[in-house]
């Protein structure tokens, strides 16, 4: 057993970074419960009035429902298409694997500004009117690479011997996939789907360009940020944080079930296919 | 392979085809909120010669370099801590950092506006403990505020990338160095930094590209000195209705990002730092 290094400097950077990352978010949450309209110190007591206020707004509730619909559609389609693609990527030895992976992972590297603008141009050219469906179509491009990162890594770690045994016993490829492969990986795939849902739920940069007259929760926050300065934005923000973080925690729990920090896409030492 | 066709077709239709059409637009002539032939390089000439574009491009470069440098500078010690220093708290810290990645983008921007404002938390807190009498005005609506918020957004990604890069380095490697009398600065210079050069560069490019092209943070936190080229692209398209100009500016940005990546990779290769494999 190797002893741990000591580094007061690195420890200090970690503590400072955690404070830097969380204090501003906690401040937003704290002031969502403020009993008066002020957004700064001193804190004058707790109340739920800003939550009641936003709940009265039809625009807010519609945006919430719209976000949920878009995220559910994106998550479901991503799960089906992404699982199939991940299976193909992890099983194939074809020369087409590299270009295919490029095609599927490239959107990860392109800023949302360009994705959004070029989709807006294409929808305009094709005469497609903008709606929640164009948003979901665009979100699929954005979340697919993240889903695939997790799904491919998981499928590659599976023991091929089980699949080969099933195939030797006469199972068709479809039966092998549904009866042998999927049962081993479905919790991770569910976790990745929640991740896709969370990413879609919070997406703003692309959505801004491809949405029609409707609104989603991030768009509602965007317009509130320009209009009002009172703790109702904090209340909406807190709800959005709660929803995405709950989805993340769920996803983290599901994807790390097999091995402790696989969900973080950190390569497990010792290489592939040693699990199970 | 057939199983990948639906996903691949979607990516073609909703990613590559739109980009191609957008590329064609950059060579067309502008007509208010539309384009027309003939094909021309005018949009590129306009994008390059426009003095506002030049100022904003420079702002973007400064914002991108600062954000990426701070992220990598803080990310390296954090990755080091996660790999070599942490014991039982490692998973908890890793969880917190990953969780913060999922905190809403707009909420973070809003959070920094409430933190840094004239009557913001930082000013009021400093006033309450008597450090200042008048609120500090220089912390919001400028480049500084934009960089702070962007570091907040991208630091978690950088930590994960650098931690993945640090993961194959065995603790015994550092111990061997220490047993032979190497100081920690020597270990960083001769062992860790060469190993971390490639992942650090990748993380740097990732953050540079995304922060230099961000168009939302500067709108809310940037004021005039913090405006960036991403905002310009958005307004060229939406407000000015000059689509070829927006397209040409976008592709010039993409080309410079590609160039940065190529030059950096070539440098790493020349210094033999691009692909260090560690025997396990």
(message) Taking the 0 to 90 degree range and rounding to the nearest ten, how far is the long axis of helix B:193-212 tilted relative to the main principal axis of chain B, both from C-alpha atoms?
(response) 30 degrees
(message) Counting other beta carbons within 10 Å of each residue's own, what order do A:216, B:114 fall into, fewest first?
(response) B:114, A:216
(request) Give the distance, in whole Å, between the Cα centre of segment B:127-156 and the Cα centre of segment A:32-51. (result) 22 Å
(message) Between 0 and 90 degrees, rounded to the nearest ten: what's the tilt of helix A:132-157 against the longest Cα principal axis of chain A?
(response) 40 degrees
(message) From the mean inverse distance of alpha carbon pairs (Kirkwood) and the Cα radius of gyration, derive Rg over Rh for chain A.
(response) 1.04
(request) Take the Cα pairs of the protein assembly as shown, get the Kirkwood Rh, then feed it into Stokes-Einstein at 20 °C and 1.002 mPa s and tell me D in µm²/s. (result) 85 µm²/s
(message) Considering the Cα positions of segment B:127-188, please state its Rg to one decimal place and its Dmax as a whole number of Å.
(response) 20.6, 55
(message) Give me the three principal axis extents of segment B:172-242 from the C-alpha atoms, as integers in angstrom, largest value leading.
(response) 65, 21, 14
(message) Counting only helical runs of four or more DSSP H residues, what would the 222 nm mean residue ellipticity of chain B come to if each run contributes -39,500 (n - 2.57) and the total is spread over all its residues?
(response) -21000 deg cm²/dmol
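Could you give the length gained on full extension between residue A:129 and residue A:149, defined as 0.36 nm per residue of separation minus the Cα-Cα distance, in nm?
Numbers: separation 20, 0.36 × 20 = 7.20 nm, distance 3.21 nm.
Contour length minus the Cα-Cα distance gives 4.0 nm.
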(message) How long are the semi-axes of the equivalent ellipsoid of segment B:50-270, defined as square roots of 5 times the Cα gyration tensor eigenvalues? Whole Å, largest first.
(response) 34, 26, 15
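Mind checking the mean number of beta-carbon atoms from other chains within 10 Å of the Cβ atoms in B:77-89?
That average works out to 5.
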(request) Could you tell me how many degrees, from 0 to 90 and to the nearest 10, lie between the Cα long axis of helix B:243-270 and the main elongation axis, the longest principal axis, of the Cα atoms of chain B? (result) 30 degrees
(request) Please arrange A:120, A:195, A:132 by counting, for each residue, the other beta carbons lying within 10 Å of its beta carbon, fewest first. (result) A:132, A:120, A:195
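Given the Cα-Cα distance of residue B:164 and residue B:269 and 0.36 nm per residue of separation, how much length would full extension add, in nm?
Here the segment from residue B:164 to residue B:269 would lengthen by 35.8 nm.
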(message) Can you give me the C-alpha center-to-center distance between segment B:1-78 and segment A:134-200, rounded to a whole angstrom?
(response) 32 Å
(request) Between the alpha-carbon centers of segment A:67-99 and segment B:182-250, tell me the distance in whole angstrom. (result) 29 Å
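Each reported figure results from applying straightforward, stated rules to the coordinates on display, with no laboratory input. This is a predicted model, so every value here is computed, not measured. So basically every Cβ, Gly included, is an ideal-geometry build from the backbone, and we count neighbours across all protein chains shown.
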